[in-house]
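The values are calculated or read from the model by the stated rules, or taken from the named source; none is laboratory data. Only a predicted model underlies this, so the values are computations on that prediction, with no experimental measurement involved. Cβ coordinates were reconstructed from backbone atoms using ideal geometry, including for glycine residues, and neighbour counts include every protein chain displayed. Just so you know, the surface numbers come from the protein's heavy atoms only, side chains and all, with ligands and any DNA or RNA stripped out. Shrake-Rupley method; radii C 1.70, N 1.55, O 1.52, S 1.80 Å.
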Amino acid sequence: AAMSISLVIMILFSGFTVQPDVIPPYYIWLYWGNLFAWVIRAVAVNEYQSGFYGQPFSEDGTTVGEATLERFGFIFKGEAFEYVWVWYTVLFCVGLCLLSLLVSVWSLMHVRFATGGTLGGSEDDDNDIAAQKNSTTDSNTVSLESRGATLVFKDVNYTVKASTSNDKLQLLKGISGYFPAGKMTALMGSSGAGKTTLMDVLSLRKASGEVTGDVRVNGHPQEPNSFRRMTGYVEQFDVQSPQLTVRETVEFSAKMRLDESIPIETKLKFVDHILAMLELDTISGFLIGNDTGGLSFEQKKRLSIAVELAANPACIFLDEPTSGLDARAASIVMRSLRRIADSGIAVVATIHQPSVAIFNSFDSLLLLKRGGETVFFGELGDESYNLIEYLESYPATTPIKGGENPATWMLTAIGAGSGGSDAEDFDYAKAYAQSPLSKDCINQIDSMNNRMMDSAKITFPTKYATTSRTQSIEVYKRLSMIYWRSPGYNRVRLLVSGIVALLFGSVFASQRVPQNEGDMNSRITSIYITALFLGVNAMNTVLPVFEMERNMFYRHQASLMYDHRAIALAFTLVEVPFILLASMVFCLLWYFTVGFAVNAAKFFSYWLFMTFSLGVFTFFGQGIMSVFRDSQTAQGFGSLLIGMSSIFGGILIRPQAINTFWMWAYWTFPLHYVLEGIFTSQFEDDNTPITASMGSPFYEYVLNKNCPGEEANNSLPEECITGTAEDWVYVSFGGNWVPKHIPYDILYLIGAIIVAKVLTLYGLKRKNYLAK
């Protein structure tokens, strides 16, 4: 915000927005200390004092170049700036660079900003024990009936196209196994073994590549929509909206993923049950926060699990749930997973370098080697007895030492550990394929598939658990809460609107009625800059906000919480009040300060077009962000829209001066319609006398109109060279901007917003930059 306001001040007092001779005395110091002002003045003087414009302009010896500089206010002590001021500018810029460098060095040495901490570490072991004992004793909670499911997969293969050639890479090779209901299964292997890939394939999270094999749920073929609804997936680095509380986040998941026929009271009690099970009930009212303050990493892990449990899944997948946690935090997570499994849910987790306690918490293990081949699948047994007995049955395996971590020993034995293997020539994958353990696995899979019953089939009549109406309402409520708790976005943009209005308005507070062309030019350019700046600010600030919630939508969509129409509608509705309020704040503080007519129709016309301006740029920002990967790329393409709107908005290049080739840009980009609507509505029937500057098109117009036949000179009476503000706007824009165009301007801007929303819908439906 500070940077934006500084930029506005530099632009306002640059000599372009408000002519130097129009800047009031109490602000003239901002002109002389302004880098933009020095550079613009140097460019103008370098051009018009170069000798190319040395032709005589008037009888007193003034040249065309000097007259042009004087006309636009570039004067010093009553005369046009001389060429020496170009060199003064060079000295000023060098001095400013040195001063900035010194300030930067001093600030880096003496200024420090402390960051906030997390909520982690405030709970002691006694609290953990108490929470463990009381986590499921709350009489106000309710547990929904679990639909435990056994996931069976046979001969699963996954192939992708190589990134540097047309070759195909097989990442999974004939993987078979099953994840029983009510059991915890670990997926392990070295980096590149395919453990996360297998989990993504089985959970239908892969959007590319070719998958073959047979996957069944309770013996029935895997049906994509029903399977997504009956499962949960916790990513390794899952992100939740920092503006929401723990309870609000879990409640939203429950409302979206539990069947709509379940009463809301039951859903809320089920949420209480989930929070208690995961020991989150004591912090349920805390905001999630971000890296500089909020929940700890471990608490966010448990929250991500709670969000998935709110769907009452039959199976839950977790990608490295203990990675990055200390021993105590990991034990809390594992304790929570054990409760989940004991409730009848199949728990599947990839694990990297677990401790002995964590490893022995699992019931079964699926071990893969690099290349996506199975080395072991089966029950671990007490203290990993089955695993140890199986691997030690091969002579190539170094026996486990007393007290050694079975997980570390296992990975080292098969050559997946950090220290390599003593049996590198032994193929454990081939040995497993020929072992009785593999045959038992296949027999068990066939037996499960043959015993399938229709009553065990888990299916849903609809793709989503809720109707489109419920989705729209709940997503809107959630997004409204996020916006209300985002002062860095909404309150700041209201503040910026107010500051810009007061700053620009204060320039004209001492002269609220224009008298000459310099005054009119300054007002017109100020309207242009304020509309452009607030539009740019609206677009640039919405990008990161939309990006974060768009990425959240990708995760929610993968779980079939709601569709793209619900989030697109919510993003539209939630922005409208803030757009209306921001434009109203600006207009109230700007309109009357600058001296526009005290006329309700004209005021609301100005407010209407400023609202359209903020709306168009905001919604195009959303649309662009929905199509591109990140806010940096979107900002680049947004700058193209902003730049073209600025150049061909009708101010920098007047409509009558635009080259025929570029007229398409004038008619295409939105700022032209905003400015035309504002200018023509505000200056219609405005008879304020405006004195023309000699040599301008307006001078020739009023001279021919008021005193036809007279020659241009400095001694003409005032009435010959005075017109109205309405005439000035008409002449300045070549007669192209007239009040009868206002309805068409409004229709265009409405159409532009519709195009922006269609682009948003397209991006949300067709693009998913988090797809695996």
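Points to keep in mind about this one:
- In summary, GLY751 fulfils each of the numbered conditions (1) without any contact (Cβ under 8 Å) to a residue 12 or more places away in the chain; (2) in contact with a Leu (Cβ under 8 Å, 6 or more places away or on another chain); (3) closer than 24 Å to ILE651 by Cα with the single exception of condition (2).
- When ILE458 is tested against the conditions (1) aliphatic (A, V, I, L, M); (2) touching a strand residue (DSSP E or B) at 6+ places or on another chain (Cβ under 8 Å); (3) under 30 Å from VAL702 (Cβ atoms); (4) open to solvent by 10 Å² or more (accessible area, probe 1.4 Å), the lone failure is (3).
- Of all residues in region 459-497, those being among the charged types (D, E, K, R), over 21 Å from the mean Cα position of the chain (by Cα) and assigned to a helix (DSSP H, G or I) number 1.
- Residue count, region 699-725 (criterion: under 18 Å from ASP519 (Cβ atoms) and surrounded by fewer than 16 Cβ atoms within 10 Å (Cβ to Cβ)): 1
- Yes/no for GLN434 being surrounded by 12 or more Cβ atoms within 10 Å (Cβ to Cβ) and not aromatic (Phe, Trp, Tyr): no
- Set ALA771, ALA752: member being open to solvent by less than 60 Å² (accessible area, probe 1.4 Å) and at pLDDT 95 or above: ALA752
- Lone unmet requirement of (1) β-branched (Val, Ile, Thr); (2) within 13 Å of the chain's Cα centre (by Cα); (3) surrounded by 22 or more Cβ atoms within 10 Å (Cβ to Cβ) for THR541: (3)
- Verdict on SER384 being open to solvent by 10 Å² or more (accessible area, probe 1.4 Å) and either at pLDDT below 95 or of a type in the set (Gly, Ala, Ser) (or both): no
- For region 555-578, a residue qualifies if it is assigned to a helix (DSSP H, G or I), open to solvent by 10 Å² or more (accessible area, probe 1.4 Å) and not aromatic (Phe, Trp, Tyr), and the qualifying residues are ARG555, HIS556, GLN557, ALA558, HIS564, ARG565, LEU569, THR572, LEU573, VAL576, PRO577.
- Looking across region 437-455 at every residue that is open to solvent by less than 60 Å² (accessible area, probe 1.4 Å) and polar (S, T, N, Q), the one that is nearest to ALA149 (Cα to Cα) is identified as ASN449.
- Meets criteria (open to solvent by 30 Å² or more (accessible area, probe 1.4 Å) and free of Cβ contacts under 8 Å to residues at least 24 places away in the same chain) for PRO739: no
- Checked across region 59-70, the condition of being out of contact with any helix residue (DSSP H, G or I) (no Cβ under 8 Å at 6 or more places or on another chain), open to solvent by 70 Å² or more (accessible area, probe 1.4 Å) and not in a helix (DSSP H, G or I) holds for at least one residue.
- Pairs where the first residue, in region 240-257, is more than 19 Å from TYR554 (Cβ to Cβ) and the second is open to solvent by less than 20 Å² (accessible area, probe 1.4 Å) and among the basic types (Lys, Arg), C-beta under 6 Å, 6+ apart: ALA254/LYS267
- Flag if LEU187 is open to solvent by less than 20 Å² (accessible area, probe 1.4 Å), within 23 Å of SER336 (Cβ to Cβ) and touching a strand residue (DSSP E or B) at 6+ places or on another chain (Cβ under 9 Å): yes
- Against the test of being over 32 Å from the mean Cα position of the chain (by Cα) and farther than 30 Å from ASN768 by Cα, the options ALA657, ALA665 yield a single qualifying residue, ALA657.
- Scan of region 1-48 for residues that are open to solvent by less than 20 Å² (accessible area, probe 1.4 Å), in a helix (DSSP H, G or I) and without any contact (Cβ under 8 Å) to a residue 40 or more places away in the chain, ordered by number: TYR31, ALA37, ALA44
- Matching residues in region 258-286 - criterion: being part of a loop (DSSP other than H, G, I, E, B) and within 24 Å of PRO242 (Cβ to Cβ): LEU278, GLU279, LEU280, SER284, GLY285, PHE286
- Subset of region 326-357 [closer than 18 Å to PHE179 by Cα and not aliphatic (A, V, I, L, M)]: ARG338, ARG339, ASP342, SER343, GLY344, THR350
- Cβ-Cβ under 8 Å pairs, at least 6 apart or on other chains, region 205-222 side touching a residue at least 12 places away in the same chain (Cβ under 8 Å) and in a strand (DSSP E or B), far side of a type in the set (S, T, N, Q) and open to solvent by 40 Å² or more (accessible area, probe 1.4 Å): VAL215/GLN222; ARG216/GLN222
- Scanning region 224-239 for residues that are in a loop (DSSP other than H, G, I, E, B), more than 22 Å from HIS564 (Cβ to Cβ) and in contact (Cβ under 8 Å) with a residue 40 or more places away in the chain yields a total of 1.
- Selection status of PRO514, part of a loop (DSSP other than H, G, I, E, B), touching a strand residue (DSSP E or B) at 6+ places or on another chain (Cβ under 9 Å) and of a type outside the set (Asp, Glu): yes
- Failed criterion for LYS269 (all others in (1) surrounded by fewer than 20 Cβ atoms within 10 Å (Cβ to Cβ); (2) touching a helix residue (DSSP H, G or I) at 6+ places or on another chain (Cβ under 9 Å); (3) closer than 16 Å to ALA310 by Cβ hold): (2)
- Any hit, region 115-129, residues being at pLDDT 50 or above and exposed (fewer than 10 other Cβ atoms within 10 Å of the Cβ): yes
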